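Asker: The structure that follows is given in the form of structure tokens.
The values are calculated or read from the model by the stated rules, or taken from the named source; none is laboratory data. If you're wondering where the values come from, they're calculated on a predicted model, not measured in any experiment. Every residue, glycine among them, receives a Cβ derived from its backbone with ideal geometry; neighbour counts consider all protein chains shown.
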Amino acid sequence: MKITVVGAGLMGRAAVYDLARADGVTAIDVFDIDGELAKMVAEKYGDSKATGKSLDVSKAVASDNPFDGSLAVISAVTYKFNPLLTDLAIAAGAHFFDLGGNNDTVAAQFERDSAAKSADVIIIPDCGLAPGMVSVLAAAGIREFEHVDSLKIRVGGLPQNPHPPLNYQMVFSAEGLINEYWEPVVILEGGQEKTVEPMSGVESLEFAEIGQLEAFYTSGGTSTLPKTYQGVVDFLDYKTIRYPGHCDLFRPMLEIGLASREEVTVDGVKVQPRSVLREVLDKNLSFGEPDLTLVRVDFSGKQNGQQKQLRLQILDRQDEETGLTAMMRTTAFPIAIIAWMAASGRIEKRGVVPQELAVDPDIFMAELTKRGIEIQRFDSF
């Protein structure tokens, strides 16, 4: 079976690496606007199964569909292209999965539900880490409860050796980071959806092997969970983990407008503050040093009439043998697993479906374990 990966950046190349080693995958198309980069990624990560090709996503059309012949398509490009790529995948009769990260874009994709059903394909947005993997972990935990009082998701990608002043390095796109820090945050409170401000609600937490950390509200991490579990879970939220003090240092930059897309004139040239911030972050925080990913999903509720707690936790570090960062592994491997599950018939639902309702947690978590991403379980916390 052939699976297509659009985007030859960090997440795209990790998806290619994973798919090339998945059972039954015989061919992988790798598309990027930079055709030479696509060919390099195909050769380096594709285990002789991948072919790199040039594609300008913004100009792709169904009449010359680049996805013809693929059973599944993975989008590893910025979220603004996902509605167009969704349409192309549906037209090609291919399942479609993306890394998402923007609530409005996901809402637009759900409008394609009827078209996806007619084409006999499944579309699942937001299939990375968070949004992504954590939604499947949430589904896995919720099924162990009669009623869930509280579901708290905490996730962070961090440098193993932090550099001041922000104690952070770029582990995925700067545009995605700004979006998480800037856009409204959706949680559940009293079983109903509620919007809260990003970079608020700072709390302290600790991981035994890392030490003291902080977490705060960011956008997108809950994805479709609030709608799926409205009235089922009393309280549900998502916060991003950082080293202590990061939020207080970063938030003022956004408060003075550096995330705005409203143009300002500088020396006669119109520029977006957000574009400048994005370039500055990429230039000055791309250290390329070993990273780690932290995931903690805490459940509290009732089972058999008794109070019950459950914690699912991951601590993943950069793989020195393959060179794949922890963020690449924990973001790209989940989407590759889900694409493989759909292409191989392990997902039967059709239409545009939240992953917490479509993906079998047992198969998904077993595949993570095969890749060395270990999920720790604690029955109290």
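Asker: Looking at region 260-352, what strands (runs of 3 or more DSSP E) fall wholly within it and have at least 1 residues that are crowded, with 21+ Cβ neighbours inside 10 Å?
Answerer: Result: 291-303, 306-317.
Asker: Provide a single number: the residues in region 198-229 that are surrounded by fewer than 17 Cβ atoms within 10 Å (Cβ to Cβ) and either in contact with a Cys (Cβ under 9 Å, 6 or more places away or on another chain) or assigned to a loop (DSSP other than H, G, I, E, B) (or both).
Answerer: 5
Asker: Using beta carbons and a limit of 9 Å, which pairs, at least six apart or on different chains, have the first residue in region 360-372 and of a type in the set (Gly, Ala, Ser) and the second one not in a helix (DSSP H, G or I)?
Answerer: These pairs meet every condition: Gly372/Asp316; Gly372/Asp319.
Asker: Looking at (1) surrounded by 24 or more Cβ atoms within 10 Å (Cβ to Cβ); (2) assigned to a strand (DSSP E or B), can you tell me which one Arg13 breaks?
Answerer: (2)
Asker: Can you tell me which of (1) surrounded by fewer than 19 Cβ atoms within 10 Å (Cβ to Cβ); (2) not assigned by TED's automatic domain parsing to the domain that holds Glu348 is the one Gly157 doesn't meet?
Answerer: In the conditions (1) surrounded by fewer than 19 Cβ atoms within 10 Å (Cβ to Cβ); (2) not assigned by TED's automatic domain parsing to the domain that holds Glu348, Gly157 misses (1) alone.
Asker: If you don't mind, another one. Given the conditions (1) surrounded by 23 or more Cβ atoms within 10 Å (Cβ to Cβ); (2) part of a helix (DSSP H, G or I); (3) modelled with pLDDT of 95 or more; (4) not β-branched (Val, Ile, Thr), which single one is not true for Ser114?
Answerer: (1)
Asker: If we keep just the residues of region 96-108 that are among the hydrophobic types (A, V, I, L, M, F, W, C) and buried (at least 24 other Cβ atoms within 10 Å of the Cβ), which is modelled with the lowest pLDDT?
Answerer: The selected residue is Leu99.
Asker: Quick check on region 78-95: of everything there that is in a loop (DSSP other than H, G, I, E, B) and modelled with pLDDT of 95 or more, which residue is surrounded by the fewest Cβ atoms within 10 Å (Cβ to Cβ)?
Answerer: If we take residues in region 78-95 being in a loop (DSSP other than H, G, I, E, B) and modelled with pLDDT of 95 or more, then Gly93 is surrounded by the fewest Cβ atoms within 10 Å (Cβ to Cβ).
Asker: Can you name the residue in region 230-259 that is in a strand (DSSP E or B) and of a type in the set (D, E, K, R) and, of all such residues, is nearest to the chain's Cα centre (by Cα)?
Answerer: Taking region 230-259 and keeping what is in a strand (DSSP E or B), we get 230, 233-242.
Imposing the further condition that a residue be of a type in the set (D, E, K, R) reduces the set to 234, 237, 239, 242.
Values: Asp234: 24, Asp237: 16, Lys239: 14, Arg242: 17 Å.
The qualifying residue nearest to the chain's Cα centre (by Cα) is Lys239.
Asker: Let me ask something else about it. Give just the number: which of (1) within 22 Å of Asn103 (Cα to Cα); (2) crowded, with 24+ Cβ neighbours inside 10 Å does Phe67 not satisfy?
Answerer: Checking Phe67 against (1) within 22 Å of Asn103 (Cα to Cα); (2) crowded, with 24+ Cβ neighbours inside 10 Å, the one that fails is (1).
Asker: I'm checking my understanding of the structure. Among residues of region 117-172 that are assigned to a helix (DSSP H, G or I) and aliphatic (A, V, I, L, M), which one is nearest to the chain's Cα centre (by Cα)?
Answerer: Met133
Asker: Every residue in region 337-364 that is small (Gly, Ala, Ser) and under 20 Å from Glu111 (Cα atoms), please. Full working, then the answer.
Answerer: Going through region 337-364, the residues small (Gly, Ala, Ser) turn out to be 339, 342-345, 351, 358.
Of everything in region 337-364, those that are small (Gly, Ala, Ser) and under 20 Å from Glu111 (Cα atoms) turn out to be Gly351, Ala358.
Asker: Could you list, in sequence order, the residues of region 175-192 that are within 16 Å of Val280 (Cβ to Cβ) and either among the small types (Gly, Ala, Ser) or in a strand (DSSP E or B) (or both)?
Answerer: Gly176
Asker: A further question on this structure: Which number in (1) in contact with a helix residue (DSSP H, G or I) (Cβ under 7 Å, 6 or more places away or on another chain); (2) without any contact (Cβ under 8 Å) to a residue 24 or more places away in the chain; (3) within 19 Å of Leu236 (Cα to Cα) marks the one condition that Gln307 misses?
Answerer: (1)
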